[in-house]
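These notes are about the structure you will find just below.
The values are calculated or read from the model by the stated rules, or taken from the named source; none is laboratory data. Nothing here was measured: the structure is a model prediction, and the numbers come from that model. Neighbour counts are summed over all protein chains in view; Cβ atoms, including those assigned to glycine, are modelled from backbone coordinates with ideal geometry.
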Amino acid sequence: AQKITQTQPGMFVQEKEAVTLDCTYDTSDQSYGLFWYKQPSSGEMIFLIYQGSYDEQNATEGRYSLNFQKARKSANLVISASQLGDSAMYFCAMREGQGGSNYKLTFGKGTLLTVNP
Amino acid sequence: ETGVTQTPRHLVMGMTNKKSLKCEQHLGHNAMYWYKQSAKKPLELMFVYSLEERVENNSVPSRFSPECPNSSHLFLHLHTLQPEDSALYLCASSHGPQGSYEQYFGPGTRLTVT
């Protein structure tokens, strides 16, 4: 079974509107972390936002917020006021467990977001 | 230079060539990673180094050989590659292999094996 599922291969949004990118995850660990990365066509993966499994509040970073629903095992990324520069691939990733082996990030297949003018 | 840099950005090599990819991080991190990104597949972790010691070798074929001479530099030595090894190779670094530390990525090397 996939550990990270991103069901939207592609999404379109009008400039200045908000968009939600879906991510569901599968883990039996109590302690885990969820990350979102942006990958423009240049190739570099850019860290956007992090949510720990014990964090009670949803993470926010500027125009990015993470809608964390633990019971549903979902960690959707919300981008408000979309900009043309937001057009890119977006990856959800998860780090599981504690201790010496919790450096591994498992990535989803990504969602290609296109912002239309 | 800031962040994580990778050279070369593009590489075309034949199956009998030997080449190396270089990664350098300017963030004071002590963990470094190699990832492979193939078309239509999720990112795959290849190697992890923590304080210059390899802590993970994710069942990678021996034609890929990593080297970490210090905490700022990471190499991936390539020899007798196959066409299916064509991919984007991404280097990343973080404060440590443990914890909630985010990984910072370089721009990648686009490798084509002919």
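Quick check on my filter: what residues within region B:13-49 are under 27 Å from A:Gln6 (Cβ atoms), of a type outside the set (A, V, I, L, M, F, W, C) and exposed (fewer than 13 other Cβ atoms within 10 Å of the Cβ)?
B:Lys40, B:Lys41
Go through region B:82-105 and report how many residues are at pLDDT below 95 and either of a type in the set (Lys, Arg) or part of a loop (DSSP other than H, G, I, E, B) (or both).
Qualifying residue count, region B:82-105: 10.
Take region B:40-80 and flag every residue that is within 11 Å of chain A (Cβ to nearest Cβ) and aliphatic (A, V, I, L, M).
B:Leu43, B:Leu45, B:Val48, B:Val55
Quick one: which of A:Gly85, A:Gly43, A:Gly10 is surrounded by 15 or more Cβ atoms within 10 Å (Cβ to Cβ) and closer than 26 Å to B:Gln37 by Cα?
A:Gly43
Name the single residue that is surrounded by the most Cβ atoms within 10 Å (Cβ to Cβ) among those in region B:50-80 being in a strand (DSSP E or B) and modelled with pLDDT under 90.
Across region B:50-80, the extreme among qualifying residues is B:Ser50.
Please find, within region B:3-27, the residue that is nearest to B:His95 (Cα to Cα) out of those that are touching a residue at least 60 places away in the same chain (Cβ under 8 Å) and among the small types (Gly, Ala, Ser).
B:Gly3
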